[in-house]
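Since the structure comes first, as structure tokens, the remarks are kept for the end.
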Amino acid sequence: MEKHIAYYESPIGWLQIIGTDESIERIDVVEQCGERNIPTSFMPWIEEIEQYFQKKRTSFSIPLKFIGTPFQIRVWEALQTIPYGQTVSYAHIAKQIGRPKAVRAVGNAVGSNPFTIVIPCHRVVRTDGGIGGYAWGIERKKWLLEHETR
């Protein structure tokens, strides 16, 4: 299956979208875009991302191909249950997946989320209410949280 790469200029920077005609394998924030050829199969998925940034969409139906350990995949699936505009703690996710003592491992899995925006890892914060980390920078995480609560 041929892999495609597309770029979308979002309010938080360029998003690099990697996948095939059937599913997306990664969405990352990148510093610069490459060739701006968007495969036809990606157009509906990019439209969903655009609708999110326009506040016209609160969830996604983009087909995702998970590439990770079984533990990471369980965490990423749990992240998809966090409602738009809300936050939960890393400890909450650990309990949700039945591993209440694995908070640090959950944090690592959240930090390795391969689908920025679509799997809302930005909605996970520290138990004490602190914002926690974000693979693409705290300012982007703050922007996303504010975007969803405005």
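Miscellaneous remarks
- Exposure rank, largest accessible area first [His122, His4; 1.4 Å]: His4, His122
- Taking the DSSP beta bridges with both ends in region 1-62, the antiparallel portion is around 100 percent.
- Only helices enter this figure: runs of n ≥ 4 DSSP H residues, each worth -39500 (n - 2.57), summed and divided by the residues of the chain, yield -9500 deg cm²/dmol at 222 nm to the nearest 500.
- Simple point charges give the picture: +1 on the Cβ of Lys and Arg, -1 on the Cβ of Asp and Glu, and for the chain a dipole about the Cα centre of about 800 debye.
- Label point distance in nm, Thr40-Thr127, each placed 7 Å from Cα along Cα→Cβ: 5.3
- Spin-label pair His147-Phe66: with each label point 7 Å from Cα along the Cα-Cβ axis, the two points sit 2.4 nm from one another.
- With all protein chains kept in place, the per residue accessible area of the chain amounts to 52 square angstrom at a probe of 1.4 angstrom.
- Residues Glu31, Glu25, sorted by accessible area with the largest first, give Glu31, Glu25 [1.4 Å probe; ligands and nucleic acids excluded].
- Lys pairs, the chain - Cα-Cα below 21 angstrom, 8 or more residues apart or on other chains: 5
- Between the Cα long axis of helix 138-149 and the first principal axis of the chain there is an angle of about 90°, rounded to the nearest 10.
- Farthest toward positive dipole pole in the chain [+1 Lys/Arg, -1 Asp/Glu at C-beta], among Tyr52, Gly13, Ala135: Ala135
- Here region 25-119 yields Rg over Rh of 1.00, to two decimals, using C-alpha coordinates and the Kirkwood radius.
- Think of the chain as having a plus end and a minus end, set by charges on the Cβ of Lys, Arg, Asp and Glu; of Thr149, Cys121, Gly98, Gly98 sits farthest toward the positive end of this dipole.
- Mean-position separation - Cα centroids, region 128-150 and region 83-104, in angstrom: 16
The values are calculated or read from the model by the stated rules, or taken from the named source; none is laboratory data. Predicted model, so just to flag it, every value in this text is computed and none were measured. Backbone-built Cβ (ideal geometry, glycine too); neighbour counts: all protein chains shown. What goes into the accessible areas is simple: the full protein's heavy atoms, side chains included, and nothing from ligands, DNA or RNA. Shrake-Rupley method; radii C 1.70, N 1.55, O 1.52, S 1.80 Å.
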